[in-house]
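Here the structure is laid out as structure tokens; the discussion comes afterwards.
The values are calculated or read from the model by the stated rules, or taken from the named source; none is laboratory data. Everything quoted here is computed from the prediction, not taken from an experiment. Using ideal geometry, Cβ is built from the backbone for each residue, glycine included, and neighbour counts are taken over all protein chains shown. Side chains are part of the model used for accessible areas, which takes the heavy atoms of the whole protein and leaves out ligands, DNA and RNA. Shrake-Rupley method; radii C 1.70, N 1.55, O 1.52, S 1.80 Å.
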Amino acid sequence: VWRASRLEYLSINYILQKYSREGMDYFYKALKAPTVYANYIRRDLAPNIPQWRKDGVDIPDFADTLKFAFDQMQKAIAEDPLNYSIYLSRADMAITAFPFDPSYLEQAEKDVQAANALAPNHQSALYITAKIQYLKGDKTGAIAAMKKAIDLAPAAGDPYFYYALLLFNNGDQEEALIQLQKSVDLGRYPRNGNEARVLAGYFGDAGDYNKA
């Protein structure tokens, strides 16, 4: 157990320090290490591959590595087929992989359908549905999915925050700021550097450098 966890840590640490070849070596070793927690390591580590590439990490043999990562997620699903969250994790992973291979969007749709069959009307599924619809060019469908997520939990900050991001991306800054303020009023702020950078980018694009 300790060895597999250590390999997972080393993989992420080396990747974040831009030692991609060494990091990917540990990535493969972590996923192949014998441990009773192998499924947790698959679910934690495999979805990082398209995100790392999106963040500019030079992933050796990226296409093959991406396929390997999706194969690992399939193994995770096979081992725990009633866990809707794994389907959603792979769907989100597929959306991140979309710029590198648009065919993954179909995988995302199938995974959301599977998750909805196990846990209908889950907010996380609606967030991913909105992303899928947006990538398909259906902005109306994307907004409808986000509004449904808000209706499911109007006292939660998350749906307003994600709705604001969608609106920013759609060029509707005025409404985006309204939804963002609602999320702040409910205690939802950017939770990590990536969310903060995304918001700063939107504010910068709009010329609002004070908020950026």
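Report whether or not PHE168 is of a type outside the set (Ser, Thr, Tyr), at pLDDT 95 or above and within 28 Å of GLY204 (Cα to Cα). Can you show your working first?
Details: of a type outside the set (Ser, Thr, Tyr): yes; at pLDDT 95 or above: no; within 28 Å of GLY204 (Cα to Cα): yes.
Answer is no for this residue.
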- Task: Given the conditions (1) farther than 22 Å from GLN181 by Cβ; (2) buried (at least 22 other Cβ atoms within 10 Å of the Cβ), report the number of the one that ALA130 does not fulfil.
- Result: (1)
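For ASP92, state whether it is more than 20 Å from LYS54 (Cβ to Cβ), touching a residue at least 24 places away in the same chain (Cβ under 8 Å) and acidic (Asp, Glu). Lay out the reasoning, then the answer.
Values: more than 20 Å from LYS54 (Cβ to Cβ): no; touching a residue at least 24 places away in the same chain (Cβ under 8 Å): yes; acidic (Asp, Glu): yes.
Considered against the rule, which asks whether it is more than 20 Å from LYS54 (Cβ to Cβ), touching a residue at least 24 places away in the same chain (Cβ under 8 Å) and acidic (Asp, Glu), ASP92 comes out as no.
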- Message: All but one of (1) under 29 Å from GLN133 (Cβ atoms); (2) more than 17 Å from the chain's Cα centre (by Cα); (3) hydroxyl-bearing (Ser, Thr, Tyr); (4) buried (at least 20 other Cβ atoms within 10 Å of the Cβ) hold for SER89; state the number of the condition that does not hold.
- Response: (2)
- Message: For the range 113-127, give me the residue count where each residue is assigned to a helix (DSSP H, G or I) and more than 21 Å from GLN179 (Cα to Cα).
- Response: 6
- Query: Can you tell me which residues in the range 37-82 are under 17 Å from the mean Cα position of the chain (by Cα), outside any helix (DSSP H, G or I) and under 22 Å from SER5 (Cβ atoms)?
  - Reply: ALA46, PRO47, VAL57
- Message: Being open to solvent by less than 30 Å² (accessible area, probe 1.4 Å) and either assigned to a helix (DSSP H, G or I) or within 19 Å of GLY137 (Cβ to Cβ) (or both) is the filter here; which residues of the range 151-179 pass it?
- Response: PRO159, TYR160, PHE161, TYR163, ALA164, LEU166, LEU167, PHE168, ALA176, GLN179
- Item | ASP64, sole failed condition from (1) within 13 Å of PHE27 (Cβ to Cβ); (2) buried (at least 20 other Cβ atoms within 10 Å of the Cβ) | (2)
- Message: Restricting to the range 2-36, name every residue that is surrounded by fewer than 13 Cβ atoms within 10 Å (Cβ to Cβ) and not in a helix (DSSP H, G or I).
- Response: GLN17, LYS18, PRO34, VAL36
- Among the residues listed as ALA76, ALA46, ALA69, ALA97, the single one being closer than 16 Å to ILE128 by Cβ and open to solvent by less than 10 Å² (accessible area, probe 1.4 Å): ALA97
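From LYS136, LYS147, LYS182, which residue is open to solvent by 70 Å² or more (accessible area, probe 1.4 Å) and in contact with a Leu (Cβ under 8 Å, 6 or more places away or on another chain)?
Details: LYS147 fails: in contact with a Leu (Cβ under 8 Å, 6 or more places away or on another chain); LYS182 fails: in contact with a Leu (Cβ under 8 Å, 6 or more places away or on another chain).
One residue alone meets the criteria, LYS136.
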